[in-house]
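Below is one structure, written out as C-alpha cells; the observations come after it.
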Amino acid sequence: MGIGGWPAGEGPREKLLDRGAGALSDAELLAVLLHTGYRDCSALDLARNLLTEFSDLGGVMRAGSASLLACTGVGTAKYAQLRAALELARRQALQALGSGDVLTSPAETRRFLQYHLGGHRREVFSCLFLDSQHRVLRCEDLFMGTLDGAAVYPREVAVRALQYHAAAVIFAHNHPSGVAEPSSADRRITERLCAALALLDIRVLDHIIVGRGREFSFAEEGLL
C-alpha cells in the first residue's frame, strides 16, 4: 500500500505535514521516501524491515546497491530515491560548509564528511582545499583504496593544492570498519603530508577520520 492510501490522519506524510519532519520516527521518514511497499507490506512495514536488516538508518543509507536490491520490495526506483536523498543532504552540507570559515563550524565540517565518506565500502582519501580565509574552494576524492587502506602520495596532493591555489587543507578519510581511530599508517602519512605542504607554505588544519557515526580529529587530539 502506498502512503497515499492510508486512512486520513494515520499516514507518515500527513503526520509530517501536520507536525513537522522532526515528529517522525526513522521508520516513518524512511517510509515517506520509499512511498510504497508491496503486496501485504506497507511502506512503513518495508521501512521497518530495512532498519532491522541494516541495524539503523545510517546502515540503510550506507548500504550498497547489491545489498539493498536484494531486499524484497526494493527495486531500482526505490534505490535511486534513497541515493538521491543522501546526495541532496551531502550537497546541502557542502553548501553550508562553503558559506564561511570552516574553523568556525567544525560541526558542519564533520556533518559534511559523514555524508561524503560515511557510505563508502572501501577507503577513500579526500581533501578540502581552502583559501586564505579558510573557505572551501573544492572538495576532491584523491585516492581510492580497499577495505583496509588507501595509498596516498604527498606529491599528488601538493600538485592539486597548487592547482587550486589553496592556502590550507583539511584531509579526511573513512574507515569502512566503522572504527574512527588512527592507525600507525594514518599517523605516518599525516606527518609526511604536513612536511610536504609546509615547504609550499600550505597549512594542514586537520586530518579527520570518519567512522560509523563518529569522527577522529588529529587537530583536536593534538597530533598536528
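Bear in mind these aren't lab numbers, they're just calculated from the coordinates by the rules spelled out. Every value quoted in this text rests on a predicted model; they were computed, and no experiment measured them. Here the Cβ positions follow ideal geometry from the backbone for every residue, glycine too, while neighbour counts run over all protein chains shown.
For the range 100-177, the Cβ-based charge dipole about the Cα centre amounts to some 80 debye (Lys, Arg positive; Asp, Glu negative; other atoms uncharged).
Once fully extended, how much extra length lies between Thr76 and Ser105, figured as 0.36 nm per residue of separation less the alpha-carbon to alpha-carbon distance? Intermediate values should be presented prior to the final figure.
Details: separation 29, 0.36 × 29 = 10.44 nm, distance 3.64 nm.
Using 0.36 nm per residue and subtracting the Cα-Cα distance, I get 6.8 nm.
The long axis of helix 106-117 is offset from the longest Cα principal axis of the chain by roughly 70 degrees.
Annotation: for a label point projected 7 angstrom from Cα along Cα→Cβ of Tyr38, residues of the range 73-103 with backbone N closer than 13 Å are 73-79.
The packing ranking, built from the mean of other Cβ atoms within 10 Å per residue, places the peptides 12-24, 31-43 in the order 31-43, 12-24, highest first.
When the alpha carbon coordinates of the range 175-224 are projected onto the principal axes, the ranges are 34, 18, 16 Å, largest first.
Sum up the charges of everything whose Cβ sits under 9 Å from the Cβ of Phe129, counting Lys and Arg as +1 and Asp and Glu as -1, but leave Phe129 out. Intermediate results must be reported in sequence, preceding the final value.
Details: positive: Arg138, Arg160; negative: Asp131, Glu140.
Once positives and negatives cancel, what remains is 0.
All other residues with a Cβ under 14 Å from the Cβ of Leu57 taken together, and with Lys, Arg as +1 and Asp, Glu as -1, what is their net charge? Mind showing how you got there, number by number?
Working: positive: Arg48, Arg62, Arg212; negative: Asp26, Glu28, Glu53, Asp56.
My count for the surroundings of Leu57 gives -1.
Calculated from the alpha-carbon coordinates, the chain shows an Rg and a Dmax of 20.2, 67 Å respectively.
Put a dot 7 Å past the Cα of Arg187, heading toward its Cβ, do the same for Leu88, and the two dots end up 4.4 nm apart. The radius of gyration of the Cα set in the range 3-88, together with its Dmax, comes out at 12.4, 36 angstrom.
Can you order the peptides 116-123, 71-78 by their average number of other Cβ atoms within 10 Å per residue, highest first? Mind dumping the intermediate values first?
Details: 116-123: 19.0, 71-78: 14.8.
Listed from highest to lowest mean packing, they are 116-123, 71-78.
Its alpha carbons considered, the range 93-189 gives a radius of gyration followed by a Dmax of 13.3, 35 Å. Applying the Karplus relation 6.51 cos²θ - 1.76 cosθ + 1.60 with θ = phi - 60° to the range 39-45 yields 3J(HN,Hα) values of 3, 6, 9, 6, 4, 5, 5 Hz, where x marks Gly and Pro. Computed extension gain for Leu199 through Arg155, at 0.36 nm per residue and net of the alpha carbon distance, reaches 14.7 nm.
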